[in-house]
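The values are calculated or read from the model by the stated rules, or taken from the named source; none is laboratory data. Please read these numbers as outputs of a predicted model, since none were measured by experiment. Here Cβ is always computed from backbone atoms with ideal geometry, including for glycine, and neighbour counts include all displayed protein chains.
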Amino acid sequence: MILFKKAAEIRHWLDNQARKEKKIGFVPTMGALHPGHISLIESSRAQNEVTVSSIFVNPTQFNDPKDFEKYPITLEKDIEMLETAGCDVLFLPSVQEMYPQGIKNRMQYELGFLETVFDGQYRPGHFQGVCTVVHRLLEIVLPHNLYLGQKDYQQCMVIKKLTELIGMSEQIKINICTTLREKDGLAMSSRNMRLNTEERKIAPAIYQSMIMLKENLQAANLTKIKENGKSFLAQAGFKVDYFEIADARNLETVDEYDGKQKLVCLVAAFLNEVRLIDNMLLN
Ligand code: AMP
């Protein structure tokens, strides 16, 4: 695996690959890698001649400074995992390299409704930060295929919108990969490393709450099953930001289910200091 720290150097290398008409797959990450990330690398390897990954813990997407400070960093292990998975190139930029004009005076992206709900509502500025960094990464890597995890359902929609806003939606195909879970259903996440033994035992309740909801879903008013999900999590020890059912195509909240709409359940909840998110397609 080749490691680049400078945008100009990786771009120069990728220009050579482009001349040879190599298909480029890209997997952006914030590191602290787990098998979920590696599954994205594997998808990219199966469909592209060159797989590029990036590790950058983006300061502007953390609305809570404590969350940023405590974000796990396991660089040596990450490099080993990427190498074992057969990733070809790792881009490891500094903050200066990603924000050559500085962190202030950033471009604002017109994300509209998407930015007003769920993580947009509960983490102000988060998706603007995601867009800033993904925009820069896409312009540096110019991939044919981009690999994202369904684990971050709303983020996938935001990045799709971003590619439209920046005029790259024709050249970049977005591939959304299924969420990898631990045996007990907990969605793999870098933040799981921050859970203590007690919290780790409670954490799969998020998955259980969504399974219960899926099993009880009927064409009817959904208020009661949403409340049941929320109180199940509260009783398990979570502080719930949201436990919602939305239209899977546009994230509009659904209260009356007609039996036909494609639905997604979206959850964000704190276990003490650690915020976990998850989602499940319901039909
Ligand atoms: P992150 O490092 O958390 O920013 O994640 C980098 C990419 O990996 C994003 O596209 C995530 O959606 C994806 N990802 C994170 N967790 C999982 C998982 N459990 N299964 C599949 N993909 C994941």
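For beta carbons closer than 8 Å, sequence separation of 6+ or different chains, a first residue in the stretch 159-180 that is without any contact (Cβ under 8 Å) to a residue 60 or more places away in the chain and a second that is acidic (Asp, Glu) and assigned to a loop (DSSP other than H, G, I, E, B), the qualifying pairs are Leu165/Glu110. Residues that are of a type in the set (Lys, Arg) and touching a strand residue (DSSP E or B) at 6+ places or on another chain (Cβ under 9 Å) were ranked within the stretch 18-29; the one that is nearest to the ligand (Cβ to nearest atom) is Lys23.
On the given criteria, is Leu195 more than 13 Å from the ligand (Cβ to nearest atom), in contact (Cβ under 8 Å) with a residue 24 or more places away in the chain, farther than 25 Å from Tyr71 by Cβ and among the hydrophobic types (A, V, I, L, M, F, W, C)?
Numbers: more than 13 Å from the ligand (Cβ to nearest atom): yes; in contact (Cβ under 8 Å) with a residue 24 or more places away in the chain: yes; farther than 25 Å from Tyr71 by Cβ: no; among the hydrophobic types (A, V, I, L, M, F, W, C): yes.
No; evaluated as a whole, the condition is false for this residue.
Residues of the stretch 82-134 that are modelled with pLDDT of 95 or more, surrounded by fewer than 18 Cβ atoms within 10 Å (Cβ to Cβ) and either aromatic (Phe, Trp, Tyr) or touching a Pro at 6+ places or on another chain (Cβ under 9 Å) (or both): Val95, Phe113, Tyr122. Among the residues examined, Gln171 qualifies as surrounded by fewer than 20 Cβ atoms within 10 Å (Cβ to Cβ), among the polar types (S, T, N, Q) and away from the ligand (no atom under 14 Å from the Cβ).
Only one entry of Phe62, Phe68 meets the criterion of being aromatic (Phe, Trp, Tyr), within 16 Å of the ligand (Cβ to nearest atom) and touching a residue at least 60 places away in the same chain (Cβ under 8 Å), and that entry is Phe62. Here the stretch 136-153 is the region considered, the condition is being more than 11 Å from the ligand (Cβ to nearest atom) and in a helix (DSSP H, G or I), and the residue that is nearest to Val52 (Cα to Cα) is Val141. Does the stretch 66-74 contain any residue that is buried (at least 16 other Cβ atoms within 10 Å of the Cβ) and under 16 Å from the mean Cα position of the chain (by Cα)? Yes, the stretch 66-74 contains at least one residue that is buried (at least 16 other Cβ atoms within 10 Å of the Cβ) and under 16 Å from the mean Cα position of the chain (by Cα).
Screening Glu198 with (1) over 26 Å from Glu115 (Cα atoms); (2) surrounded by 15 or more Cβ atoms within 10 Å (Cβ to Cβ) gives one miss only, at (2).
Would you point out the residue of the stretch 30-59, among those that are among the aliphatic types (A, V, I, L, M) and within 13 Å of the ligand (Cβ to nearest atom), that is farthest from Lys173 (Cα to Cα)?
Pass one, the stretch 30-59, residues among the aliphatic types (A, V, I, L, M): 30, 32-33, 38, 40-41, 46, 50, 52, 55, 57.
Going one step further and asking which of them are within 13 Å of the ligand (Cβ to nearest atom), we end up with 30, 32-33, 38, 40-41, 55, 57.
Working: Met30: 21, Ala32: 25, Leu33: 23, Ile38: 19, Leu40: 14, Ile41: 15, Ile55: 21, Val57: 24 Å.
Top of the filtered list is Ala32.
Residues in the stretch 172-209 that are part of a helix (DSSP H, G or I) and under 19 Å from the mean Cα position of the chain (by Cα): Ser190, Arg191, Asn192, Met193, Arg194, Ile206, Tyr207.
Please enumerate the residues belonging to the stretch 247-270 that are of a type in the set (A, V, I, L, M) and in contact with a helix residue (DSSP H, G or I) (Cβ under 9 Å, 6 or more places away or on another chain).
At the first step, the residues of the stretch 247-270 found to be of a type in the set (A, V, I, L, M) are 248, 251, 254, 263-264, 266-269.
Within the stretch 247-270, Ala248, Leu251, Val264, Leu266, Val267, Ala268, Ala269 qualify.
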